[in-house]
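A quick write-up on the structure given underneath.
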Amino acid sequence: RVFVTSALEDGTRRQLHCLDRDTGQRIWMREIGDDNPEITSALTGHAASTPVTDGKHVVAFFGNAGLVAFDFQGQLLWHHNFGEFESELGIASSPIVVGDQVIQVCDHDGKFYRTFDSFMICLDVATGRQVWRANRRGLERSWSTPIVVPAGDERPELIVNAEEALRGYSPDTGDLLWQVRGMTGWVTPSPVYAAGLIFATSGKDGPLMAIRPGGKADATSTHVAWQHKRGGPYVCSPLVYRGRLYVLNEFGVLNCYRASNGERLFRQRLAGKFTASAVAVAGHLMFTNESGRTYVLAAADDFRLASENQLENGCLASPAISQGKLFLRTEQHLWCIAKPGGK
């Protein structure tokens, strides 16, 4: 199965599509009506959040239209409306599944517009029952998606990259455990984790930081392994692959660092403007620009362009890889690319 979201331009109807991963045939589509869609931008739209699945349930977030869950047959399991979100550029943080629970970050400018304060919520993925809700009062306009990382001998930590700081929470209770200050007020890139380090960045031209999990309270002075104060991308999430950290900004400037110490290995400009985040597979990296051109690089300490490929229409969505198939979503199509026979 492949799940994608869409919406009418005015946001009054949001859709979740279920497709057969081998044929592309649409199996079902479910629509959620919304008479009062949130403000958004042309780049964000009303269906920017990526749906998430645990193989039994699929959950999608649609801002004012709510958080909704279906089973694989398309039966509605539950639907929660959280209120009217206020953000000049729309809502884009995606839900994540942690065990048998789903977590959604709901940061927005509610404090300014006086609707409701930002928060994070954890629900039972099968029933929609609330497990916990964490107040994030005073935090605004984050479009980043959280991750869960190990923290030594301690229990895993829920990592949220957002306004002015990277924060670690308990995924069991929603309690704030620590924070590392230094992010900007505009945070879109999601954090990534590898080899005991969390890599976080923010725009515009904000910092790039490598942070050790397991901090206490304000961990800014104790848990930053290394950092670069400038060069953070506005939209694209970083990528860690085979010991290297790749950071691409919207103007196509690609920096490659040694992940362990922040040493820059190379800097290269790719043509075009970039919104999609990169993916890696089989010793190669893929960077897709807004015109639908994908640059394929060999994973190495220097810049090695292996190939370029052009698809019809523009592309803002990050690719997905599953069982030997590459899925690319452009403005008007969903593409599946694989070797003959799908191997």
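Just so it is clear, none of the values below were taken in a lab; they were calculated from the coordinates. As the structure is a computational prediction, the values presented were derived from the model and not from experiment. Here the Cβ is made from the backbone with ideal geometry for all residues, glycine too, and neighbour counts use every protein chain on show.
Things worth noting here:
- Lys, Arg +1 and Asp, Glu -1 on Cβ, resulting dipole of the chain about Cα centre, debye, nearest 20: 1040
- Simple label model, 7 Å out from Cα along Cβ direction - Arg258 to Lys204, nm: 3.4
- Distance histogram in 5 Å bins (all Cα pairs of segment 75-188, percent per bin): 2, 12, 22, 24, 20, 13, 5, 2, 0
- Its convex hull of Cα atoms gives segment 185-343 a direction-averaged projected area, equal to a quarter of the hull surface, of 10.0 nm².
- Rounded to whole Å, sorted largest first: equivalent-ellipsoid semi-axes of segment 147-235, Cα gyration tensor: 20, 13, 11
- Estimated at 0.36 nm per residue, the fully extended path between Lys339 and Asn135 surpasses their Cα-Cα distance by 68.7 nm.
- Per-residue ellipticity at 222 nm, computed for the chain from helices alone with -39500 (n - 2.57) per DSSP H run of at least four residues, works out to 0 deg cm²/dmol.
- In a DSSP loop and with at most 16 other Cβ atoms within 10 Å, the trypsin sites (Lys or Arg not before Pro) in segment 1-67 are Arg1, Arg21, Lys56.
- Summarising the strand pairing of segment 109-257, around 95 percent of its internal DSSP beta bridges are antiparallel.
- Modelled spin labels at Arg212 and Val281, positioned 7 Å past Cα toward Cβ, are 3.6 nm from each other.
- Considering only Ala217, Ile121, Ser307, and ranking their Cα positions along the charge dipole of the chain that arises from unit charges at the beta-carbon of Lys, Arg, Asp and Glu, the one farthest toward the positive end is Ser307.
- Volume of the Cα convex hull of segment 226-303, divided per residue and given in Å³: 78
- Segment 224-263: C-alpha gyration tensor shape, a/c 1.5 cut-off, then a/b vs b/c: oblate
- For segment 8-72, the percent of C-alpha pairs falling in each 5 Å distance bin, counted from 0 to the bin holding the largest distance, reads 4, 16, 26, 24, 16, 10, 4, 0.
- Label-to-label distance, nm, for residues given as Glu331 and Asp302 (7 Å Cα→Cβ offset): 3.9
- Sites listed here are trypsin sites (Lys or Arg not before Pro) in segment 138-244 whose DSSP assignment is loop and whose Cβ has at most 15 other Cβ atoms within 10 Å: Lys204, Lys216, Lys229, Arg230, Arg242.
- Cα gyration tensor shape for segment 1-160, rounded if a/c is under 1.5, else prolate or oblate: oblate
- Volume of the Cα convex hull of segment 121-270, divided per residue and given in Å³: 122
- Lysine pair count for the chain with Cα-Cα distance under 20 Å and sequence separation of 8 or more or different chains is 4.
- The Cα trace of the chain gives Rg and Dmax of 19.4, 55 Å, the first to one decimal, the second as a whole number.
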